[in-house]
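Here the structure is laid out as structure tokens; the discussion comes afterwards.
The values are calculated or read from the model by the stated rules, or taken from the named source; none is laboratory data. Note that the coordinates shown come from a computational prediction; the quantities given were computed from them, not determined experimentally. So basically every Cβ, Gly included, is an ideal-geometry build from the backbone, and we count neighbours across all protein chains shown.
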Amino acid sequence: MKQPDNRTRNRRSIRLKEYDYSQAGYYYITICTHNREHLFGAIENGVMRHNDIGTIALNEWTRTPEMRPNISLDAFVVMPNHLHGIIVINGVIGDNSPVYEQFGKPTSNTIPTIIRGFKSAVTKQVNILRGTPGEPVWQRNYYEHIIRDDQSHYSITEYIKKNPLRWEEDDYYVR
């Protein structure tokens, strides 16, 4: 009998406990590629130049509101090895009862479900393009921050917009 993988069994969610990730608000998201590999293109003279894989990530990100009518996108950028973006949940679809995502129990129209769907769609297309079925494209989790005020929103938006210009200073920069 195969023993359970402790890395999987002992994983804990990094999300805020009891926070309703389907509620209206602004959410800053950062998603990194597996091993921070430069999959999406390169920065040239402060401008992000997407390759075919970067275009897949960009297209899937921009399709998010098409698939979820209560979602809109704010500032975002697809960098060589990560994506920064602000997702706006404009309201709850259906009843207004809180929806708490629990580990292993996905709930529709929540930030974790939106990110899971995005990562899955990109991974499938990238692996078809590369001929690498089952290969990871993304790191296991992602970073999220609930934007709670206008100043924070402004600062994050400026950071996202200037990210290609400051690539070599970026925390996610790897040669």
**Count of residues meeting criterion [exposed (fewer than 15 other Cβ atoms within 10 Å of the Cβ), under 17 Å from the mean Cα position of the chain (by Cα), aliphatic (A, V, I, L, M) and not in a helix (DSSP H, G or I)] in segment 45-77** = 1
**Asked** Since Lys119 meets every condition but one in (1) modelled with pLDDT of 95 or more; (2) loosely packed, with under 15 Cβ neighbours inside 10 Å; (3) of a type in the set (Lys, Arg), which condition does it not meet?
**Response** (2)
**Request:** Quickly run through segment 156-175 and pick out the residues that are surrounded by 11 or more Cβ atoms within 10 Å (Cβ to Cβ) and assigned to a helix (DSSP H, G or I).
**Result:** Ile156, Thr157, Glu158, Tyr159, Ile160, Lys161, Lys162, Trp167
**Members of segment 38-76 found to be under 25 Å from Tyr154 (Cα atoms), of a type in the set (Val, Ile, Thr) and in contact (Cβ under 8 Å) with a residue 40 or more places away in the chain, listed by number** = Ile43, Val47, Thr64, Ile71
**Prompt:** Any idea which of Val92, Val88, Val99 is surrounded by 13 or more Cβ atoms within 10 Å (Cβ to Cβ) and at pLDDT 95 or above?
**Reply:** Val88
**Request:** Output the residue which, of all residues in segment 125-143 that are among the β-branched types (Val, Ile, Thr) and assigned to a loop (DSSP other than H, G, I, E, B), is surrounded by the fewest Cβ atoms within 10 Å (Cβ to Cβ).
**Result:** Thr132
